[in-house]
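Down below is the structure, laid out as structure tokens.
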Amino acid sequence: MLLPQPMAHGRLVSRYKRFFADVVLDDGMALTAHCPNPGAMLGLNTPGLGVWVSRSDAPKRKLAWTLELVEDGGGLAGVNTMNPNKLVAEALAAGTIAELAGYDVHRREVKFGEASRVDFLLEHPGRASCYLEVKNCHLRRGGTLAEFPDCVAARSTKHLRELTAMVASGFRAVALIVVQRTDCDAFSACADLDPAFAAGLEAAADAGVEVLVYRCAMTPDAVTIESRLPWLRNSVTPAVAQRRAGAGRADL
């Protein structure tokens, strides 16, 4: 997926009210960018971090600039939560995600569950339809472990229940975690920030929901879904163990 060009590089001054980010570009220009991310952006909202922003000349936009990428730990992290569904749509069309290949029809935003809309409904004659829900992941707190969510995500937990109901009704259901980072090699649900989601992901998997995790290749020019990452299901992940050791506590 090509990112809007040209992109401009700068430094984050402040991210506030969820959807606003003050940035100073490398040429000294100060601006306020739209931050298309309703989450906490834990670890990616620190003043001084390098960022990449795109510009739109659309006349109806209140803010011309959009925060797209944050530089963290020597790599890039994608914070635009509008992008993962676009990335997945491209990957489905190209057959990049082997586990989801073989469906002729890819329908988007189809009503299902408890007054929800599933991100994708994949269909093919002679095969059970596949309900596909996509989650954007950009949290890394230590080592090379990606985690989701970065705050309480009640809506995401609800989606897991709805996917489970689809499996019980005879359909296929998949939770796809898209890791928009270049520095992670494994994934775990973030049980300390949202224990309900972590438990819900385990329960959904036990009930037949497939959990897939894919990371992205990222540059300031383009983002593409690249390769599958392992999901660490054990309750004490390496990152959690590392944080416990660093804090000298056993109750984290």
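Take the residues of region 105-124 that are assigned to a loop (DSSP other than H, G, I, E, B) and at pLDDT below 95: which is nearest to residue 163 (Cα to Cα)? Please lay out each step first, then the result.
Start the filter on region 105-124 by keeping residues that are assigned to a loop (DSSP other than H, G, I, E, B), which leaves 113-115, 124.
Narrowing the set further to residues that are at pLDDT below 95 leaves 113-115.
Details: 113: 8, 114: 11, 115: 13 Å.
Ranking the candidates gives 113 first.
On inspection, residue 245 passes the criterion of being at pLDDT below 95 and open to solvent by 40 Å² or more (accessible area, probe 1.4 Å). Inside region 1-36, residues that are at pLDDT 95 or above, out of contact with any Phe, Trp or Tyr (no Cβ under 7 Å at 6 or more places or on another chain) and of a type in the set (S, T, N, Q) make up a count of 1. Count of region 27-48 residues, restricted to those that are aliphatic (A, V, I, L, M) and crowded, with 19+ Cβ neighbours inside 10 Å, is 3. Considering only residues in region 49-60 that are out of contact with any His (no Cβ under 8 Å at 6 or more places or on another chain) and open to solvent by 40 Å² or more (accessible area, probe 1.4 Å), the one that is modelled with the highest pLDDT turns out to be 55.
Just to be sure before I move on: is residue 146 open to solvent by 20 Å² or more (accessible area, probe 1.4 Å), small (Gly, Ala, Ser), farther than 18 Å from residue 38 by Cα and touching a residue at least 12 places away in the same chain (Cβ under 8 Å) in the structure I sent?
Values: open to solvent by 20 Å² or more (accessible area, probe 1.4 Å): no; small (Gly, Ala, Ser): yes; farther than 18 Å from residue 38 by Cα: yes; touching a residue at least 12 places away in the same chain (Cβ under 8 Å): yes.
No.
Counting residues in region 60-82 that are free of Cβ contacts under 8 Å to residues at least 40 places away in the same chain and small (Gly, Ala, Ser) gives one or more. Determine, yes or no, whether residue 96 is of a type in the set (Ser, Thr, Tyr), out of contact with any Cys (no Cβ under 9 Å at 6 or more places or on another chain), under 23 Å from residue 222 (Cα atoms) and open to solvent by 20 Å² or more (accessible area, probe 1.4 Å). It is true that residue 96 is of a type in the set (Ser, Thr, Tyr), out of contact with any Cys (no Cβ under 9 Å at 6 or more places or on another chain), under 23 Å from residue 222 (Cα atoms) and open to solvent by 20 Å² or more (accessible area, probe 1.4 Å). Every listed requirement among (1) open to solvent by less than 50 Å² (accessible area, probe 1.4 Å); (2) at pLDDT 95 or above is met by residue 75 save one, (2).
The values are calculated or read from the model by the stated rules, or taken from the named source; none is laboratory data. The structure displayed is predicted, hence computed values, not measured ones. FYI the Cβ positions are ideal-geometry reconstructions off the backbone, even for glycines, and counts take in every protein chain you see. Please note that ligands, DNA and RNA were not included when accessible areas were found on the heavy atoms of the full protein model with its side chains. Shrake-Rupley method; radii C 1.70, N 1.55, O 1.52, S 1.80 Å.
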